Amino acid sequence: MKKKSYFCRLYNLILYIMKNIEFKTVARSCQMDELTQEERLLVEKAKESTKLSYSPYSHFAVGAAILLEDGSIYTGANQENAAYPSGLCAERTVMFYANAQNPSTPVKALACACFTGGHFTRKPGSPCGNCRQVLLETEQRFQQDMKILLYGENEVLIFPSAKSLLPHCFVDDDLNG
């Protein structure tokens with residue numbers, strides 16, 4: 001009994017010493033008609049690009065559109081492969097293409113839309129962890145936030161930056177210890 005009591009007290013002491021840290025993120029929920037003309041155009045381009053998806057395995061088409069600081073827009077879609085890790089998400093497809101074509105032009109905004117079962121998803125889809133890291137690296141590269149718009153039939157979520165999708169993120173400064 002004494003041994004168990006000791007470990008219970010030790011466990012309680014550890015819980016007392018540890019502290020909880022909360023990470024909060026901010027997003028705005030709105031309808032399509034509440035978007036600016038520029039935001040609406042970008043979301044429409046993302047929706048259109050779901051038609052370019054190659055998703056014979058998941059049947060989950062994702063389209064993405066990027067608005068660069070110079071006003072140019074690029075689109076991309078997810079590309080699957082039977083060897084799943086060989087495919088690529090829409091967000092990275094379009095980001096890598098835009099960065100390859102315009103390596104010195106910052107990204108102003110990115111919009112994503114998901115289509116499955118004959119319709120767009122009711123709630124907004126969200127970028128995977130790999131895509132979030134690439135979006136974050138792009139912000140770091142240009143030292144400028146990019147707005148993220150995630151489309152769903154019921155609402156559009158607008159995040160002020162990729163950092164808001166990836167709190168407590170790993171960035172280049174972390175490589176220096």
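The values are calculated or read from the model by the stated rules, or taken from the named source; none is laboratory data. A quick note: this is a predicted structure, and the numbers were derived from the prediction, not measured. Please note: Cβ atoms are built from the backbone with ideal geometry, for glycine as well, and neighbour counts cover all protein chains shown. All accessible areas refer to the heavy atoms of the entire protein, side chains included, with ligands and DNA or RNA removed. Shrake-Rupley method; radii C 1.70, N 1.55, O 1.52, S 1.80 Å.
Worth a mention:
- Once both labels are positioned 7 Å from their Cα atoms along Cα-to-Cβ, the gap between CYS30 and ASN12 label points is 5.2 nm.
- Of LYS47/LYS123; LYS24/LYS45; LYS19/LYS163; LYS45/LYS147; LYS108/LYS163; LYS45/LYS108, those spanning more than 18 Å from alpha-carbon to alpha-carbon: LYS24/LYS45; LYS19/LYS163
- Which of LYS19, LYS147 is most accessible, then next, and so on - probe 1.4 Å: LYS19, LYS147
- DSSP-defined beta bridges in the chain - what % are antiparallel, rounded to 5: 85 percent
- What the range 36-177 shows is 50 Å² of accessible area per residue, with the surface traced by a 1.4 Å probe over protein heavy atoms.
- Using the Cβ-Cβ distance between GLU44 and ILE21 with R0 = 45 Å, the FRET efficiency computed as 1/(1 + (r/R0)^6) comes to roughly 0.70.
- Cα long-axis angle, helix 2-17 against the chain (0 to 90 degrees, to the nearest 10): 40 degrees
- Rounded to the nearest 10 degrees, the inclination of helix 37-49 to the longest alpha-carbon principal axis of the chain is 90 degrees.
- Each 5 Å bin from 0 upward holds the following percent of the Cα-Cα pairs of the chain: 1, 8, 15, 18, 17, 12, 8, 4, 4, 4, 4, 3, 1, 0, 0.
- Extension gain for SER5-SER104 works out to 29.4 nm (0.36 nm per residue, less the C-alpha to C-alpha distance).
- Split the accessible area of the chain by element, probe 1.4 Å, and carbon with sulfur accounts for 55%.
- 12 Å beta-carbon shell around GLU153, net charge (K/R +1, D/E -1): +2
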